[in-house]
1. Determine the pairs where a residue that is modelled with pLDDT under 95, located within the range 117-134, has a partner that is of a type in the set (Asp, Glu) and not in a helix (DSSP H, G or I) with Cβ atoms under 8 Å apart, the partner being 6 or more residues away or on another chain.
2. All but one of (1) at pLDDT 75 or above; (2) buried (at least 23 other Cβ atoms within 10 Å of the Cβ) hold for SER150; state the number of the condition that does not hold.
3. Go through (1) among the β-branched types (Val, Ile, Thr); (2) surrounded by 10 or more Cβ atoms within 10 Å (Cβ to Cβ); (3) modelled with pLDDT under 85 and name the single condition VAL78 misses.
4. Kindly list, by first and then second residue, each pair from a residue in the range 171-200 that is on the phi < 0 side of the Ramachandran plot to a residue that is modelled with pLDDT under 80 and part of a helix (DSSP H, G or I), limited to pairs with Cβ atoms under 7 Å and residues at least 6 apart or on different chains.
Amino acid sequence: MTWLARGDLALSVAIAAVTTLLAPLLTPALIWLLASAWLPVSFMELFWSILQVVLLPIVLGVVAQRLLGDKVRHAVDVLPLVSVVSIVIIVTAVVAASQAKIAESGLLIMAVVMLHNSFGYLLGYFTGRLFKLPLAQRKSLALEVGMQNSGLGAALASAHFSPLAAVPSALFSVWHNISGALLSTWFRRMSEKQDREIAAQRAAD
C-alpha cells in the first residue's frame, strides 16, 4: 500500500519490523492496560509464533534470492497472489469458527474496526504533519498506523487466546484492504498533483 501511495518504503519497513519485534512485550501489557486483566501469555511461545509467521519467511526469501538469483524471479510475480490467498484462508477459517458470535455482534465489531482503522490513518498522518515530515513519510505513517498485520493478528489470537478473539482481526483484514487501497489511490493523486505544481512552478521560473 505504501508503494502504491508513493510513500517512504524504508520508513514503512522499519516501522513494521520494530512493531513486530515489540509485539510479545506490548500485547500482554496493552491487554492489562485496556482490559484490567493480565493474561498469562507465554513470551517465548508468542515470540516463536511471530518468528515463524513473519521473520522466518523474510529470511528464507532473502536467502532464496541470494542463492538462486534469476531462477526465483518468476516466483516473485506469483507470490503476492499466494499471500493474498493465504490471508483469505485464515480469515475464512476464523469467521467460520465464530459465525454465531459474528451474527450476534458482527455489526458492532465492524463499526469498531472501521473507527479504529480510520483513527489510525488520521493519527499517523497528522502526527507526521505535526513534526513537519515530508509528504512521503506522512503517507507511510498513516498507512502503518492505520493498517495492521491482520493475518498475523488472527493467527496469534486463535493460537494463544480463542477463535472469538480472532474475529476483529478477521473483519479488520477485509476492511483495511478496502480502505487502504482507497487511501493509497488518494495519496498517489496527492503526489501527482504536487509533482504537477512543482513542474509548473519550475516552468514559470
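1. Sorted first by the residue in the range 117-134, then by its partner, the pairs are PRO134/ASP8.
2. Result: SER150 fails condition (1) only.
3. Going through (1) among the β-branched types (Val, Ile, Thr); (2) surrounded by 10 or more Cβ atoms within 10 Å (Cβ to Cβ); (3) modelled with pLDDT under 85 one by one, VAL78 breaks only (2).
4. As it stands, the answer is PHE172/SER150; SER173/ILE87; SER173/VAL91; SER173/SER150; SER173/GLY151; SER173/ALA154; VAL174/VAL91; HIS176/SER150, since those pairs meet every condition given.
The values are calculated or read from the model by the stated rules, or taken from the named source; none is laboratory data. Being a predicted model, the structure only gives us computed values, none of them experimental. Neighbour counts are summed over all protein chains in view; Cβ atoms, including those assigned to glycine, are modelled from backbone coordinates with ideal geometry.
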